[in-house]
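The values are calculated or read from the model by the stated rules, or taken from the named source; none is laboratory data. As the structure is a prediction and not an experimental result, all values here were calculated from the model. Here the Cβ is made from the backbone with ideal geometry for all residues, glycine too, and neighbour counts use every protein chain on show.
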Amino acid sequence: MELPQTDYALAVLSIRAPIALPFNLGYSWYHALDDEGNLLPAHAESELRLQSLQELLMEWKNLLVLLQMRYGWPSSRIFLMGFGQGGDVALHIASLSQNRFGGVVCIEGSLLRQPANTLKLGTPVLLLHRTNNYLVNDEMWKKCKTWCKKCFISTESKEFNTIQPINLSSKDQMTPIMEFLANHLYLRNFALEQHQDIIQIH
């Protein structure tokens, strides 16, 4: 992903989900299996999943405070991006925060419940979805779009008619993300910074 000024002005923090799934199936962000060991789709009711998600969001809150207070990452320049469950988590983090993030990119994920916040939050959101997605069916996809439009100041969405998972190596599927970042990514004005009469105030 080649973005403007990424050689010297962009830090990327990739975080692995904390819960190990059985049989070396990978990792999960929150409780994700039903009693028979099958993945829970987004529309399924599960108090255990919501409790697990709530505990995770508290850990994320602590991490974001650390990034902002100790390392000086302003929330307005932090972008959250995730696939599937990672997208779920990114949306829920943004929906619970009064701080404006740079943006959220949710790929094949969804809000698992309607945000309690009734105010328009300043974080812009991009939702990417594909048809025939068992984990986020059409009904849940529509609910997610509606909830995001009520919760966030800007919600863009793109749906791909494919049975294959979204592939960011595809130009067609990557383009909406590049356009979203181009519109919301913070860019420094290096020409202005070269002026000797400009003083940076921290």
Filtered residue count, segment 87-119, keeping only those that are small (Gly, Ala, Ser) and either part of a loop (DSSP other than H, G, I, E, B) or surrounded by fewer than 19 Cβ atoms within 10 Å (Cβ to Cβ) (or both): 5
Conditions (1) assigned to a helix (DSSP H, G or I); (2) closer than 28 Å to Asn161 by Cα; (3) more than 11 Å from the chain's Cα centre (by Cα): number failed by Arg49: (2)
Where Ser14 falls short, out of the listed (1) loosely packed, with under 10 Cβ neighbours inside 10 Å; (2) at pLDDT 90 or above; (3) of a type outside the set (D, E, K, R); (4) part of a helix (DSSP H, G or I): (4)
